[in-house]
Amino acid sequence: MWAKRPGNQYKLVCGVAYTGLPIATVISTKQGVPMLIRRKERKGYGTKKMVEGNFEAGQKCLMIEDVIVSGSSVYETVETLQELQLSVQDAVVFLDRQHGATANLSAMGINVVSVVTMTEMMAILLKHGLVDHTTHESVLEFISSHQDTSIVTKEKSSSKEGIQVMDRKKRSFKSRIATTNQPLARKLFEIMSIKKTNLCVAADVTTSKELLSLTEKVGPHICVLKTHIDILADFSQDTVAALKDLAVKHNFLIFEDRKFGDIGSTVASQYSGGAYKIVDWADLVTVHGLPGDGVIKGLASAVNGRTRGCVLVSQMSSSGTLTSEEYIKSCGKMAENHTSFVVGFVSQSSISGDPRFIVFTPGVQLNKTTDGLGQQYVTPRAAVFERGADVIIVGRGITQASDPVAAAKKYREEAFLAYEERVSIQ
């Protein structure tokens with residue numbers, strides 16, 4: 001990586017947090033070039049600095065990163081260093097995954113040099129017999145169709161030439177596909193755009209027959225089906241096999257509302273084992289953030305090559321909920337640190353302006369305000385237009401309706417109209 005540097009006048013090196021730091025440390029030690037550390041977030045104690053190290057204004061700094069996808073992490077680090085009047089125009093990375101990062105950073109005046117691209121990496125692996133031709137071709141095909149990422153910048157950068165910043169609520173689902181590399185988030189944005197629906201039905205029924213019958217009826221009108229699989233009295237793997245077939249037939253995601261909330265090793269076992277084997281069939285699962293990001297790491301460790309994701313429960317729709325502002329902020333930070341697995345949030349408000357994350361709002365009804373058991377309801381328009389939901393979650397308003405199809409159509413129409421109105425206001 002040091003040999004690939006585009007110049008020789010660097011007075012400093014800076015590794016992009018966090019995986020770029022050990023590489024930068026080795027380079028700094030071996031080459032005798034001082035290193036800076038740019039934190040991902042400001043500490044509330046000690047020096048409270050975002051950047052640690054000795055430097056002078058005007059010094060030239062080389063950025064060091066291991067892998068780039070969109071280039072956001074490199075840009076955020078460069079932005080901070082430039083605010084301190086350091087000269088930062090070059091970055092050396094080990095692997096360019098070829099998802100648009102080099103072009104994104106180049107458009108912002110940052111020159112990127114990579115040791116190897118994903119195309120070159122695959123050629124090396126193929127040459128040595130470590131991948132077969134089918135895998136090689138599938139990766140190249142994936143690369144060719146996933147080069148449209150963009151860099152999500154902070155609002156303070158909105159005035160800079162060439163950088164456009166738009167809040168999540170004002171962006172269309174279609175435009176948000178390019179902001180994320182989480183495959184299920186991209187797929188859900190695509191489904192919502194194509195089907196013109198941001199409705200999720202909470203299928204809280206107690207028999208497989210009811211579940212599959214309801215899903216067949218509402219499938220054409222939803223983007224997501226949410227389950228509580230453990231309340232089925234007659235659960236079997238045949239049930240989930242049929243559910244998966246319906247998801248393909250009607251083009252929606254399956255969302256198991258398991259609310260994982262234990263240490264990493266435990267949730268990994270709960271996710272992949274037991275009678276339900278949730279990881280085998282659920283695209284998305286809910287997660288409580290209370291245990292810390294170990295719960296996310298545990299779930300991710302059990303995926304084993306499957307395309308899966310989680311949604312962090314940040315705010316609930318029940319009265320007396322104990323989710324504090326500090327907890328909500330912590331969930332946001334956890335999501336930012338695990339964008340490859342976290343798809344978004346369950347929330348009652350617009351807790352994030354980041355267009356990568358999808359906000360799901362439960363407790364939506366057309367008329368009722370409470371159910372007498374602590375559930376508080378909000379209308380589809382209020383959830384989407386006023387509170388900033390991307391997806392509304394509707395349960396009894398559809399499952400207990402005399403005509404579930406008509407009810408689903410009504411909720412779908414109101415929610416999507418509210419979304420279209422929201423994004424039309426710039």
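The values are calculated or read from the model by the stated rules, or taken from the named source; none is laboratory data. These figures come from a predicted structure and were not determined experimentally. Because the Cβ atoms are built from the backbone with ideal geometry, glycine has one as well, and the counts that use them run over all protein chains shown.
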Check on Y45, closer than 25 Å to A101 by Cβ, at pLDDT below 90 and loosely packed, with under 14 Cβ neighbours inside 10 Å: no
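Yes/no matrix, rows are residues, columns are (1) surrounded by fewer than 17 Cβ atoms within 10 Å (Cβ to Cβ); (2) in contact (Cβ under 8 Å) with a residue 12 or more places away in the chain; (3) within 16 Å of the chain's Cα centre (by Cα); (4) under 22 Å from L312 (Cα atoms):
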{"site": "A185", "(1), (2), (3), (4)": "no, yes, yes, yes"}
{"site": "G219", "(1), (2), (3), (4)": "no, yes, no, no"}
{"site": "K249", "(1), (2), (3), (4)": "yes, yes, no, no"}
{"site": "Y276", "(1), (2), (3), (4)": "no, yes, no, yes"}
{"site": "L284", "(1), (2), (3), (4)": "no, yes, yes, yes"}
Pairs, first closer than 17 Å to R186 by Cα and in the same structural domain as E336 (by TED's automatic domain parsing) in the range 296-308, second among the small types (G, A, S) and assigned to a loop (DSSP other than H, G, I, E, B), C-beta under 9 Å, six or more apart: R308/A282; R308/A302
Selected residue [touching a strand residue (DSSP E or B) at 6+ places or on another chain (Cβ under 7 Å), polar (S, T, N, Q), closer than 27 Å to S70 by Cβ and at pLDDT below 95] from Q147, Q182: Q182
Residue list for the range 14-43, filter: under 30 Å from the mean Cα position of the chain (by Cα) and hydrophobic (A, V, I, L, M, F, W, C): C14, V16, A17, L21, I23, A24, L36, I37
Unmet requirement for K40, which otherwise passes all of (1) surrounded by 18 or more Cβ atoms within 10 Å (Cβ to Cβ); (2) within 30 Å of P183 (Cβ to Cβ): (1)
Search result, residues across the range 191-204 that are under 21 Å from Q400 (Cα atoms) and buried (at least 21 other Cβ atoms within 10 Å of the Cβ): T197, N198, L199, C200, V201, A202, A203
Number of the condition not met by R258 [criteria: (1) part of a loop (DSSP other than H, G, I, E, B); (2) closer than 23 Å to F341 by Cα; (3) of a type outside the set (A, V, I, L, M, F, W, C); (4) within 21 Å of the chain's Cα centre (by Cα)]: (1)
Helices (runs of 4 or more DSSP H) completely within the range 324-426 that count 3 or more residues being over 22 Å from the mean Cα position of the chain (by Cα): 396-399, 404-424
Residue selected from the range 221-237 under the condition assigned to a loop (DSSP other than H, G, I, E, B) and of a type outside the set (S, T, N, Q), by the criterion surrounded by the most Cβ atoms within 10 Å (Cβ to Cβ): C223
